[in-house]
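This report concerns only the one structure given below.
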Amino acid sequence: MGSVSRRIMPLLVAVLLAGCNGVGTDLSPSGADRRPPVTPGTTGPSVGQIAPDFTLPDTLGDNVALSTSLPGRKGVVLYFTMWCVICGDEMSHMRSAIMPAHPDVGFFAIDYVSGTVADARASELSNGFANSGFTVLVDLGNPVLHAYAATMGTTVVIDNTGIVRMNENYGTGSRLQAILGGL
Amino acid sequence: MDAPGKPTRTLILAALLLGAASLIPPPVLAGSCCGGGGGAALILPKGNKALVDLTLEMEKYDGFWNQDGKHIDDPAGSDLRQYRLTLGTAARLASRWQASLAVPYVWNHNRYSGNVSSSDGLGDSTLSLWYEALDDLSIWKLKSLKDLTPSVLIGPSLTIPTGISPYDDRTSSFDVTGRGFYRLDGNLQVDKTFRPFTASVALGYGRYLERAVNKEYGRYVEPYHKRLGNRTSASASLGYIAVLGTGGDQLTGTASISYIDEEDGTRNGETDPTSEFRKTSVGGALLWSGTDRDWSVKASWNHAIQAQGWGENFPTTDVYGIGVRYGFR
């Protein structure tokens, strides 16, 4: 190995390691359960907490409130979408594999990237989710995104007493299926 | 160059079909929704002890293929981009062994009509080891079948999850610059120069290592084990080498086609039916190299064809790249 090689490789490895320390990447991930305890009766996005109430317009401009959507249902599902490839795939999977088994659950897709109701409606149509079983709600200014500490693919289940039962990535959909089955 | 006979024409045609991937970075998952990083292939030419490469790429998102292969536009008014500055190096370890390391730094810029985000961080890094199994004797004129021997390199590479993944502390998918998984690949690179043509093919097969997950976007969740699907990649290209003036500078133009496929991943051993994807893209590159071949400068473009059938469950993007490379002798 030449002297040039001996100088360059360690330099690059040093850059790599320095970067790792700076960014806080997870090179040796842990499987420990570190979910913090939740105080019952508090309002928040975590499982066991009271779900934050909200009122958002749907893509036809009608306001929809969480509190008035729960009565008469076993619960509701919130799915946070930015109309990306993963979002479309997971919404399609939910539509075909989960919705038919749970007609007494409300399914809301929360669009947190559109700046107007008209933009959200256009995305709903172009992505093929008009009359799909999802009610698309437009999270203008992202209050609901923040209230539920959500991001792309976050899936929230709220039971009919207003308690958060699930708040995590959609994954394979099996967790959602199991939790809805237990409502 | 002499007019080739029929056998030679057949061999050249075969070489054209094989194509030159070393100039074109393999397609990588990138962007706000899917992670990013990765770098161009870093192959050390014979006679070089080491090289350093700096490449800047801009990936512009323009919709995606859905799971049925149909192209869907991004939301109206959106502008989604990722910039990657990749520092790479390769070094000769022994006469037929070389190693390389590529470390990208990534900037995400996402603008929707109702949401604007910018973030940056390291992407996933790649460490590669190559064994030079055969040497290409670059030729102008075919004299024997031996002259058709291509260069053949084989070796493993390891993707290191140095990027920001959905399983780190960042709370937004817009911040993602990596996938969060180690991946071990087996790689084959075949190159042949028959002046003024050059052709190559690159094949890869990778397996992600399973990892534990107890956190998603900064929030702790019930722990589970996850593994991404096995990945197959192939690219082929054809180049033409033009000698500039009388000084010996060269300009090589290359056209390429690339394919990548990733199988469904698993979560606690259960198949994730939403995760498989595939993508086919085409590209072009120009590479200038000086007379002594120490310095080279490249410009590249990779384009995902949005027509149905060219991809599935994957963003369609254009990737523009410029880079400079210096080889130590």
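Can you compute the FRET efficiency between B:Lys141 and B:Asp169 using 1/(1 + (r/R0)^6), with r the Cβ-Cβ distance and R0 = 51 Å? Round to the nearest 0.05.
0.25
Quick check: convex hull over the Cα atoms of the protein assembly as shown, volume per residue in Å³, rounded to an integer?
Output value, Cα hull per residue: 145 Å³.
Under a plain spin-label model, where a point goes 7 Å from the Cα along Cα-to-Cβ, how far apart in nm are B:Arg329 and B:Asp249?
About 1.8 nm separates the two model spin labels.
Divide by every residue of chain A the summed helix terms, -39500 (n - 2.57) for each DSSP H run of at least 4, and state the resulting mean residue ellipticity at 222 nm, rounded to the nearest 500 deg cm²/dmol.
Numbers: 6 runs with 61 residues, N = 183.
Calculated mean residue ellipticity at 222 nm is -10000 deg cm²/dmol.
Between A:Met166 and residues 5 or more places away or on another chain, which pairs have amide H atoms under 5 Å apart, with H built 1.01 Å from N, and which residues are they?
A:Val157
Could you work out how far the C-alpha centroid of the stretch B:207-224 sits from that of the stretch B:58-94, in angstrom?
With the stretch B:207-224 and the stretch B:58-94 each reduced to a Cα centre, they are spaced 24 Å.
Starting at the first residue of the stretch A:51-58, write each ³J(HN,Hα) from the Karplus equation 6.51 cos²θ - 1.76 cosθ + 1.60 with θ = phi - 60°, in whole Hz, x for Gly and Pro.
Result, ordered by residue: 5, x, 6, 7, 9, 10, x, 8 Hz.
Please compute the Kirkwood hydrodynamic radius over the stretch B:9-328, one decimal place, Å, based on all pairs of different Cα atoms.
20.4
With heavy atoms of protein chains only and a 1.4 Å probe, what residues of the stretch B:266-314 have at least 20 Å² less accessible area in the full set of chains than alone?
So the qualifying set is B:Arg267, B:Glu270, B:Asp272, B:Pro273, B:Thr274, B:Asn313.
A plus B alone minus the pair: what accessible area, both sides summed, probe 1.4 Å, in Å² to 100?
For A against B, buried area totals roughly 5000 Å².
Using the Karplus equation 6.51 cos²θ - 1.76 cosθ + 1.60 (θ = phi - 60°), what ³J(HN,Hα) coupling, rounded to whole Hz, does each residue of the stretch B:287-298 give in order, writing x for Gly and Pro?
10, 9, 9, x, 4, 8, 6, 6, 9, 9, 10, 10
Select from B:Gly309, B:Gly63, B:Gly77 the residue whose mean-square fluctuation is largest in a Gaussian network model of chain B (Cα-Cα springs shorter than 10 Å).
The residue that fluctuates most here is B:Gly77.
Given only helices, namely DSSP H runs of n ≥ 4 each adding -39500 (n - 2.57), what is the per-residue ellipticity at 222 nm of chain B, to the nearest 500 deg cm²/dmol?
-1500 deg cm²/dmol
Amide H of B:Thr316 versus every other amide H placed in the peptide plane: which residues, excluding those fewer than 5 positions away on the same chain, fall under 5 Å?
Result for B:Thr316 returns B:Asp62, B:Gly63, B:Phe64, B:Trp65.
Hey, with R₀ at 30 Å, roughly what FRET efficiency would A:Ser96 and B:His225 work out to, going by the Cβ-Cβ distance, to 0.05?
Values: r = 26 Å, r/R0 = 0.86.
Efficiency computed from Cβ-Cβ geometry: 0.70.
After finding the eigenvalues of the alpha carbon gyration tensor for the stretch B:152-233, what semi-axes result from the square roots of 5 times each, listed largest first in whole Å? The partial results should precede the final answer.
On the way: eigenvalues 258, 40, 13 Å².
Its equivalent ellipsoid spans semi-axes of 36, 14, 8 Å.
Once you have the Cα-Cα distance between B:Tyr240 and B:Asp68, take 0.36 nm times their residue separation minus that, and quote the gain in nm to one decimal.
58.2 nm
Quick one: angle between helix A:85-97 and the longest Cα principal axis of chain A, in degrees between 0 and 90, rounded to 10, please.
Compared with the principal axis, the helix lies near 40 degrees.
Counting only protein heavy atoms and using a 1.4 Å probe, what share of the accessible area of the protein assembly as shown belongs to carbon plus sulfur, as a whole percent?
59
Helix B:6-18 versus the longest principal axis of chain B: what is the Cα-based angle in degrees, 0 to 90, to the nearest 10?
For helix B:6-18, the angle is close to 20 degrees.
Full extension from B:Thr149 to B:Leu188: what is 0.36 nm times the residue separation minus their Cα-Cα distance, to one decimal in nm?
Additional length available on full extension: 12.5 nm.
Calculate, in nm to one decimal, what A:Lys74 and A:Asp53 gain on full extension: separation in residues at 0.36 nm each, minus their alpha carbon distance.
5.9 nm
Using alpha carbon coordinates only, what is the Rg to Rh ratio of chain A, with Rh defined as the Kirkwood radius?
1.13
Please give the FRET efficiency for A:His146 paired with B:Tyr131, using the beta carbon to beta carbon distance and R0 = 30 Å, rounded to the nearest 0.05.
On the way: r = 52 Å, r/R0 = 1.74.
E between A:His146 and B:Tyr131, to the nearest 0.05, is 0.05.
Per-residue HN-Hα couplings for the stretch B:205-214, Karplus 6.51 cos²θ - 1.76 cosθ + 1.60 at θ = phi - 60°, whole Hz, x for Gly and Pro?
For the stretch B:205-214, the Karplus curve yields 9, x, 10, 6, 8, 5, 9, 7, 10, 10 Hz.
The values are calculated or read from the model by the stated rules, or taken from the named source; none is laboratory data. For clarity, every value in this text was computed on a predicted model and none was experimentally measured. When we count neighbours, we look across all protein chains shown, and the Cβ atoms used for this are built from the backbone with ideal geometry, even at glycine. Areas reflect the complete protein model, heavy atoms only, side chains present, ligands, DNA and RNA absent. Shrake-Rupley method; radii C 1.70, N 1.55, O 1.52, S 1.80 Å.
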